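Just so it is clear, none of the values below were taken in a lab; they were calculated from the coordinates. Since the structure is predicted, the reported quantities are computational estimates derived from the model, not experimental observations. Note that we place each Cβ from the backbone using ideal geometry, even for glycine, and neighbour counts take in every protein chain shown.
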Amino acid sequence: MAHGSAEHYLGNDIISALTSQSVNELRVDLEDWDGVTAYAHYQAFHVDANYDYLLQAFSYVGTAGDSLYPVNVGKAFSTFDVDHDDNNGNCAESDHGAWWYKSCT
């Protein structure tokens, strides 16, 4: 895949299977249209399929800012038809996308 050519998500089943057997790290590298880069690195990462794809991500290091902890860590995955967020409404529906929501944006 060429640099910057596409976005892809493996899916929660595969990510859960990949992270279920040992301690795993997650690194996200970002680049904006002007070529400015940043990264987020979590030294412990796991998605648990047994608990509605519960997100665990700890020990952040990086320049992008910690966008997961403490807001999303410990939350189950929400979709438009399965709501696990802490809001009265459905964040996945109102924010137009599935995620580990605590509250809506």
Helix-only [θ] at 222 nm, the chain, -39500 (n - 2.57) per DSSP H run of 4+, per residue, nearest 500, equals -2500 deg cm²/dmol
Toy charge model, Lys and Arg Cβ at +1, Asp and Glu Cβ at -1: the chain dipole around Cα centroid in debye, rounded to 20, equals 320
Taking a ≥ b ≥ c as the square roots of the eigenvalues of the Cα gyration tensor, with a/c under 1.5 meaning rounded and otherwise prolate when a/b exceeds b/c and oblate if not, the range 11-105 is oblate
Summed over the other residues with a beta carbon less than 11 angstrom from that of Glu93, with K and R at +1 and D and E at -1, the charge totals -4
Note to self: C-alpha centroids of the range 15-45 and the range 48-104 sit apart, in Å, by 16
Ranked by GNM mean-square fluctuation in the chain (Cα springs under 10 Å), the top entry among Thr37, Thr63, Thr79 is Thr37
The set of residues whose placed amide H lies less than 5 Å from the amide H of Thr79, leaving out same-chain residues fewer than 5 positions away, is His84
Comparing Asp29, Asp85, Asp66 in a Gaussian network model of the chain (Cα, 10 Å), the one with the largest mean-square fluctuation is Asp29
Comparing Val47, Val73, Val28 in a Gaussian network model of the chain (Cα, 10 Å), the one with the largest mean-square fluctuation is Val28
